[in-house]
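The block underneath contains the structure these notes are about, expressed in structure tokens.
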Amino acid sequence: MIQAHQQTRPSLYEQLEALPEGLIGEILSGQLYTQPRPSGAHVVTVTSLADELVSPFQKGRGGPGGWWIAAEPELHFIHNAEVDVPDLAGWRRSRLPRIPNDHRFTVVPDWVCEVLSPSTESRDRQVKMPIYAQFRVAYAWLIDPRAHTLEAYALEGDAWRKIGRFAGGARVSLPPFEAVTISLDDLWALT
């Protein structure tokens, strides 16, 4: 008796998990997207913003505490099917009392931040921002380290309301982190 071999194609999440080191993968609206590790300026911006937020909001030093701030968390809006990886995300501890034991964050964050690059800007704006709104992320920031800008948004109903666009060395106190003032100059990799 000849047995037919049935080949099964790996799921999108299996494909994501099999990506080579150095690639970041996301499943957005049913499509697998990949991108290489970010540029130095991108990394400096993410690290600098995390530094501005972790002490006052995660550790309660000079701020209210009560938050988790995470770099590149794997957000599972739909388990293994809608998987977004923002540059930074934050959760109020009242909503996420403990960090998950594995790499999957299943609680929708209260805030996300995407640092724009030429290869990801259109995806961040046109694909990911609508997904964040669909899953009820309350606040989103888009930061462009090349243009030295920060755009802040708040979710109102099903749509994003632009709080403002700030540039250069502006000093900002923005929701949901208005308890501190951030100097944007501290976010840029200036040479």
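The table for this structure:
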item: Scan of the stretch 157-191 for residues that are in a loop (DSSP other than H, G, I, E, B) and in contact (Cβ under 8 Å) with a residue 40 or more places away in the chain, ordered by number; result: PRO176, PHE177, ALA179, VAL180, TRP188, ALA189
item: Where a residue in the stretch 43-62 is more than 16 Å from ASP110 (Cβ to Cβ) and its partner, wherever it lies, is at pLDDT 95 or above and of a type in the set (Ser, Thr, Tyr), with Cβ under 9 Å and at least six apart; result: GLU52/SER183; ARG61/SER55; GLY62/SER55
item: Search result, residues across the stretch 157-191 that are among the acidic types (Asp, Glu) and in contact with a helix residue (DSSP H, G or I) (Cβ under 7 Å, 6 or more places away or on another chain); result: ASP158, ASP186
item: Exclusive hit being under 18 Å from PRO73 (Cβ atoms) and at pLDDT below 95, set THR120, THR191; result: THR120
item: ARG171, sole failed condition from (1) within 19 Å of the chain's Cα centre (by Cα); (2) surrounded by fewer than 16 Cβ atoms within 10 Å (Cβ to Cβ); result: (1)
item: ARG37, sole failed condition from (1) out of contact with any strand residue (DSSP E or B) (no Cβ under 9 Å at 6 or more places or on another chain); (2) exposed (fewer than 13 other Cβ atoms within 10 Å of the Cβ); result: (1)
item: Residue tally, condition part of a strand (DSSP E or B) and not aromatic (Phe, Trp, Tyr), over the stretch 9-48; result: 11
item: Boolean, VAL83 is assigned to a loop (DSSP other than H, G, I, E, B), at pLDDT 95 or above and within 29 Å of HIS148 (Cα to Cα); result: no
item: Subset of the stretch 49-66 that is out of contact with any strand residue (DSSP E or B) (no Cβ under 8 Å at 6 or more places or on another chain) and part of a loop (DSSP other than H, G, I, E, B) - its residue that is nearest to ARG95 (Cα to Cα); result: GLY65
item: Output for the stretch 124-153, where each listed residue is surrounded by fewer than 16 Cβ atoms within 10 Å (Cβ to Cβ) and outside any loop (DSSP other than H, G, I, E, B); result: ARG125, GLN126, PRO130, GLN134
item: Failed condition for ILE69, given (1) under 21 Å from PRO36 (Cβ atoms); (2) crowded, with 20+ Cβ neighbours inside 10 Å; result: (1)
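Residue by residue, here is whether (1) assigned to a loop (DSSP other than H, G, I, E, B); (2) surrounded by fewer than 20 Cβ atoms within 10 Å (Cβ to Cβ); (3) free of Cβ contacts under 8 Å to residues at least 12 places away in the same chain holds:
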site	(1), (2), (3)
ARG95	yes, yes, no
PRO109	yes, no, no
VAL112	no, no, no
SER119	yes, yes, no
SER122	no, yes, yes
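The values are calculated or read from the model by the stated rules, or taken from the named source; none is laboratory data. Predicted model only: the values in this text are computed from it and were never measured. As a convention, Cβ positions derive from the backbone with ideal geometry for all residues, glycine included, and neighbour counts pool all protein chains shown.
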